[in-house]
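First up is the structure itself, then whatever we jot down about it.
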Amino acid sequence: MDTLFGIVGDGFVLLASDTSQVQSIVLQKTDEDKIMILDEFKLLGTSGETGDRVQFSELIQKNIHLYQYRNGLPLSTDGAAHYMRGQLATALRKGPYSVFLLLAGWDKETGPSLYYMDYLATMHKLDKASMGYGGYFMLSLMDKHWKPNLTLEEAKKIMYLCIDEVQRRLVVAPPNFVIKIVDKDGARELERRDTVVDATNVTTATASPEAEFIDAPAAAAAEAGTSQADAVTKPPTESETKPPT
């Protein structure tokens, strides 16, 4: 149920993804980051089976770093896209990765670029792209509102429109999204749009129902000015047991 999409603007690329980790019908967590920073000027958004998604993105990240260490130069976005496509094509005939990818990058010579790849090693360079069930609702919005040389504010508005449309119309809509940007200043997180806080991030402690049940007699006794033992064991007085006349 992943939702991943990207937009090319004037000197930058925005990538956005949901942050839900789902297993069958269970929502396991809502803070899973599916957009990896490959290097200073590249972002890789992934969608698909969790194991393949994590393993393939880490494989690409480490080999891009290895290329830079060996050659003293970073790999261009176009070169990284073709390397990734080669890895997918090789694995397709052995043990295919069940992943869909959006590669966003910025190069000094060519500027921003966005590449789409699927598990069959299909690759396209696009100005806007979306994958997952959310893509059924996003592509029409992108076709309507995207234009060349988008400003950052215009691109963010399109992102918000897409997120709102998915959350309103998709039957199992992801609650939280993360948006990242890559431009001449590097790759970084831009913002998060959270409607659900993951339970593991909540630090405020609340009393359990059992504690409230156990402490109820003590609270009642304290209010009456007696001890808990007296409140429990003190026998009723004659006036309390005498029936009304």
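Things worth noting here:
- Residue pairs, from the table 42/184; 42/108; 128/180; 94/180; 125/184, whose Cα atoms sit over 22 Å apart: 94/180
- Given R0 = 35 Å, the distance between the Cβ atoms of residue 125 and residue 195 translates into a calculated FRET efficiency of 0.60.
- Across region 182-190, rounded Karplus estimates of 3J(HN,Hα) from the backbone phi angles (6.51 cos²θ - 1.76 cosθ + 1.60, θ = phi - 60°) give 10, 8, 5, 8, x, 9, 6, 7, 8 Hz, Gly and Pro being marked x.
- Taking only the Cα atoms of region 3-200, the ratio Rg/Rh comes out at 0.95, with Rh defined as the Kirkwood radius.
- The trypsin sites (Lys or Arg not before Pro) of region 85-115 that DSSP puts in a loop, and whose beta carbon has at most 15 other beta carbons within 10 Å, are 93, 94, 108.
- Mean separation of Cα contacts under 8 Å (6+ apart) over length of region 3-200, as relative contact order %: 31 percent
- Computed label-point distance, nm, for sites residue 73 and residue 152 using a 7 Å Cα→Cβ extension: 3.0 nm
- Residues with amide H under 5 Å from that of residue 99, placed H, sequence gap 5 or more: 119
- Panel order for 196, 8, 13, 172, by other beta carbons found within 10 Å of each beta carbon, from fewest to most: 172, 196, 8, 13.
Since every read-out is calculated from the coordinates, none of them should be taken as a lab result. Source: prediction; values computed, not measured. Glycine gets a Cβ as well: all are built from the backbone with ideal geometry, and neighbour counts include every protein chain shown.
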